[in-house]
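Values quoted throughout were computed directly from the atomic coordinates according to the rules given, and no laboratory measurement underlies them. Since the structure is predicted, the reported quantities are computational estimates derived from the model, not experimental observations. Note: ideal-geometry Cβ built from the backbone for every residue, glycine included; neighbour counts use all protein chains shown.
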Amino acid sequence: MNTVIVVKNLTRSYALPKQDQKDGHKTFQAVKGTSFEVFEGEVFGILGPNGAGKTTTLEIIEGLNKQTSGQVTVLGLDNITHRDEIKKRIGVQLQSSEYMNLMTLEELLKLFASLYGLDADVDELLGFVNLQSKKYSLVKDLSGGQKQRFTLASALVNKPQILFLDEPTTGLDPRARRDVWELVKKINSQGTTVVLTTHYMEEAEYLCERVAIMDNGTILAIDAPKKLIDDLSHTTQISFLTNDNLSEDFWKEIPAVEKVFNYHPKVVLEITDLEAVGDVVRKLKSEKIHFSGLNLKTASLEDVYLDLTGKIFED
Amino acid sequence: MTRSFNQLFLMNLRLVYRNRGGLFFTLVMPTIIFIALSILPIGRVLGETISYSDYLLPGIIAMTVMQGGIYGLAYWMVDMKSRGVIKRFLVTPIKQPELIISLLASRALVSVAQAVFLTLVAATFFGFALSFQLLPAVVIILLGSGIFLMVGLLISMIADSYEAAAPITAAIGLPLTFLGNIFFPVSSLPGFLEKVANVLPITYMADALRIIFLESGSLMDLGKDLGVLLAWFVVIMVIVLWKFRLKD
């Protein structure tokens, strides 16, 4: 398998404004020494909450930002010394999908293609994202989902070898999100490597062949979503709401309860054996604990995140 | 001309003429001010031979050129920046000088069009005689336009939002408008303000346009005006080349 991106010991620090400096810390480290590789033809995801360092990492690879230390090579080219060469060979969809509102889609595609010294195949690009009928429409007249599909088309004007998508479906309704997912699959199936960031677990599970879980500037795990889930020792999660404070000892008679997380009023139990659900419910009843919202869930990427960070993943 | 320059140049022209709100400021407002002040009985300023309307026309042209840079371009750039559009350009292999020059060239062309429009209004409704030389008029308008557009670029580099840009543009734009030889001669200002006015580029731009429009002056007749404008142009261009970088 060919490696198309290599990131080694990447760090990025920002100077803190005076009023935010405390304990002698003058800088804030957004990325704290991450390393990973992306293989040709895959969909690679960086998953993490807001502020995890995903966008910073992506922008360093794309040539919009520079690392404080560490090496990045894209298609064999160094990200600092060959920035312009890299830009010619990648496509980028930014988090914001804003354009000049008073331009038509056709005009914008021609403009962006010209920046690469190319002629845009406007009909093919718009056909690909199902926006042929909007060729002569102004950007300001597009819906949110249409705008997002158009940003995909505009990121493809130079037929990039790697496509970067920064939170491609944030703020979209479920229908529009589905559309974008299918487009990403289609782009990838034509041989384009895709690197995306997301804070939607479902998106990472559905789209990504491999996913890096990132939190607080560090990558905690990299693997196929299914593999990450299978590696978790527990298989099932029970959660419920209660006002009572239950200590960990409360559960010690039920050996299948492996981990207890108290997020008052929510309690989350990880159990290794599905049979233990009955034991848990019987125990709560017999101790006359008032509870509600009982929920049973098999493992997902959210549990991987919980397991790695000890925090509940919040969108 | 490269393909990308043409596309960027076209983009800017399209954005100017499709922006209805912006057209109000670039065309309608200066025209209304011109017509209103021409009709009002302000009287004759420079002896019996020149009407106030004729005196005002070169001033109003200088004012619209100034506003196109200091308000028009600065606000447009701040808007592009705050909505992330500049970043969208920066992920492409765009050549920054090409973007900047296309921006300045297209907007300088708009300034010339504004001047033509105002001149035709003056000729049609207020008896302004179209007997001036075209070349020096175009040279002065392009020179002034270059100065104020580059000032607009520098403002957009300092300001990240409309709220941050507004006080800066006002601090620069208002003195240029009221002290800058547009509505009345600099010599009628109190001593201290007259000294300020004598430094402002717009003072010399308006003066040069008056020599061209009212005395059929050629480039040779513009001596000091042309020199001061060129000096301003070079100084600001050096600052732009030295300091200005496109940032998201």
- Query: Of B:Val139, B:Val116, how do they rank once you tally other Cβ atoms within 10 Å and put the fewest first?
  - Reply: B:Val116, B:Val139
- Taking other Cβ within 10 Å of each residue's Cβ, how do A:Lys266, A:Lys252, A:Lys283 sort, fewest first? A:Lys252, A:Lys266, A:Lys283
- Query: Whole-Hz Karplus ³J(HN,Hα) for the stretch B:173-180, in order, using 6.51 cos²θ - 1.76 cosθ + 1.60 and θ = phi - 60°, x for Gly and Pro?
  - Reply: x, 5, x, 4, 5, 9, 9, x
- Straight distance only, please: which aspartates and glutamates reach the Cα of A:Lys283 with their own Cα at less than 18 Å, same-chain residues fewer than 8 apart left out? A:Asp244, A:Glu248, A:Asp249, A:Glu253, A:Glu258, A:Glu270, A:Asp273, A:Glu275
- Task: For a quick protection proxy, order the peptides B:220-226, B:11-17, B:201-207, B:129-135 by their average other-Cβ count within 10 Å, most packed first.
- Result: B:201-207, B:11-17, B:220-226, B:129-135
- A chain fully extended from A:Asn295 to A:Thr81 at 0.36 nm per residue, minus the present Cα-Cα distance, gains in nm 71.7 nm
- note: chain B, Cα-Cα separations exceeding 26 Å make up a percent value of 39
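As a footprinting exposure proxy, order A:Tyr99, A:Tyr136 by other Cβ within 10 Å, with the fewest listed first. Show your work: numbers first, answer last.
Details: A:Tyr99 24, A:Tyr136 9.
By the 10 Å Cβ count, ascending: A:Tyr136, A:Tyr99.
At a threshold of 8 angstrom on Cα-Cα distance, excluding pairs fewer than six apart, so keeping six or more, what relative contact order does the stretch A:111-250 reach in percent?
The value is 16 percent.
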- If one computes the Cα centroid of the stretch A:259-315 and of the stretch B:216-248, what distance in Å separates the two points? 71
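Before rounding to the nearest 500, sum -39500 (n - 2.57) across all DSSP H runs of length at least 4 in chain A and divide by the residue total; then give [θ] at 222 nm in deg cm²/dmol.
-9000 deg cm²/dmol
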- Task: For chain B, please report how many Lys pairs fall under 27 Å Cα to Cα, leaving out neighbours fewer than 8 apart on the same chain.
- Result: 9
- Query: Once the convex hull of the C-alpha atoms of the stretch A:92-163 is built, how many Å³ does it hold per residue, rounded to a whole number?
  - Reply: 81
- Note on the structure: Given backbone amide H placed at 1.01 Å from N, residues whose amide H is under 5 Å from that of A:Ile46, ignoring those fewer than 5 places away on the same chain, are A:Leu196, A:Thr197, A:Thr198, A:Ala212
- From the cross-link list A:Lys134/A:Lys226; A:Lys54/A:Lys186; A:Lys54/A:Lys88; A:Lys8/A:Lys259; A:Lys22/A:Lys147, the entries with a Cα-Cα span beyond 31 Å are A:Lys134/A:Lys226; A:Lys8/A:Lys259; A:Lys22/A:Lys147
- What net charge is computed for the residues neighbouring A:Phe39, neighbours being all others with C-beta under 10 Å from the C-beta of A:Phe39, Lys and Arg scored +1, Asp and Glu -1? -3
- Between Rg and the Kirkwood Rh of chain A, both from Cα atoms, what is the Rg to Rh ratio? 1.05
- Message: Using only alpha-carbon positions, what ratio does the radius of gyration of the protein assembly as shown give when scaled by 2.2 N^0.38 Å?
- Response: 1.29
- Query: If you add up the charges near A:Val4, with Lys and Arg at +1 and Asp and Glu at -1, over every other residue whose beta carbon is less than 11 angstrom from its beta carbon, what do you get?
  - Reply: -2
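What Kirkwood hydrodynamic radius, in Å, does the stretch B:177-243 give when the mean of 1/r is taken over all pairs of distinct Cα atoms and then inverted? Walk me through the numbers before you get to the answer.
Working: mean 1/r = 0.0782 Å⁻¹.
After inverting the pairwise mean of 1/r, the radius is 12.8 Å.
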- Message: Suppose we keep just the alpha-carbon trace of the stretch A:253-315; what are its Rg and Dmax in angstrom?
- Response: 12.4, 36
- Query: Taking the Cβ-Cβ separation of B:Thr124 and B:Ser218 as r and a Förster radius of 30 Å, what is the calculated FRET efficiency to the nearest 0.05?
  - Reply: 0.70
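When the dipole is taken about the Cα centre of the protein assembly as shown, and only Lys, Arg (+1) and Asp, Glu (-1) are charged at their Cβ, what size is it in debye, to the nearest 20?
Working: 53 positive and 58 negative charges, 285 e Å.
For the protein assembly as shown, the charge dipole is close to 1380 debye.
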- Report P(r) for the stretch A:147-232: all Cα-Cα distances, bin width 5 Å, range 0 to the bin holding the largest distance, values in whole percent. 3, 12, 25, 24, 18, 12, 5, 1, 0
- How large is ³J(HN,Hα), in whole Hz, for each residue of the stretch B:53-70 in order, when computed from phi with the Karplus curve 6.51 cos²θ - 1.76 cosθ + 1.60 and θ = phi - 60°, using x for Gly and Pro? 4, 5, 5, 6, 3, x, x, 5, 5, 4, 5, 5, 5, 4, 5, x, x, 6
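May I ask you to derive the relative contact order of chain A, considering only C-alpha pairs under 8 Å and at least 6 residues apart, and to give it as an integer percent?
Computed over chain A, the figure is 19 percent.
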- Message: Quick one: 3J(HN,Hα) in Hz for the stretch A:128-135, Karplus 6.51/-1.76/1.60 with θ = phi - 60°, rounded, Gly and Pro as x.
- Response: 4, 9, 6, 10, 3, 5, 9, 3
- the stretch B:162-184 residues near the modelled B:Glu194 label - backbone nitrogen below 16 Å, point 7 Å along Cα→Cβ: B:179-182, B:184
- Rounded to whole angstroms and listed largest first, the alpha-carbon spread of the stretch A:1-110 along its three principal axes comes to 53, 43, 28
- Message: Going by amide H atoms built from the backbone, whose H comes under 5 Å of the H on A:Asp273, apart from near neighbours?
- Response: none
- Task: Could you work out, for the stretch B:1-130, what percent of all Cα-Cα pairs fall into each 10 Å distance bin, beginning at 0 Å and stopping at the bin that holds the largest distance?
- Result: 11, 37, 26, 16, 8, 2, 0
- Let me have the relative contact order for the stretch B:28-180, percent, based on Cα pairs under 8 Å that are six or more residues apart. 38
- Take the alpha carbon gyration tensor of the stretch B:104-208, find the square roots of its eigenvalues, order them as a ≥ b ≥ c, and report rounded if a/c is under 1.5; if not, report prolate when a/b exceeds b/c, else oblate. oblate
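Please list, by residue number, every one of the trypsin sites (Lys or Arg not before Pro) in the stretch B:57-107 that is coil in DSSP and has at most 16 other beta-carbon atoms within 10 Å.
Here the sparse-neighbourhood loop sites are B:Arg83, B:Lys95.
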- Name the long-range amide H neighbours of A:Leu220: under 5 Å, sequence gap of 5 or more, or other chain; modelled H, no Pro or chain starts. A:Ile213, A:Met214, A:Asp215
- Unit charges at the beta carbon, dipole of the protein assembly as shown: most positive-side option, A:Ser97, A:His199, B:Ala208: B:Ala208
- For the stretch A:117-275, state the semi-axes of the equivalent ellipsoid (square roots of 5 times the eigenvalues of the alpha-carbon gyration tensor), sorted largest first and rounded to whole angstrom. 44, 18, 12
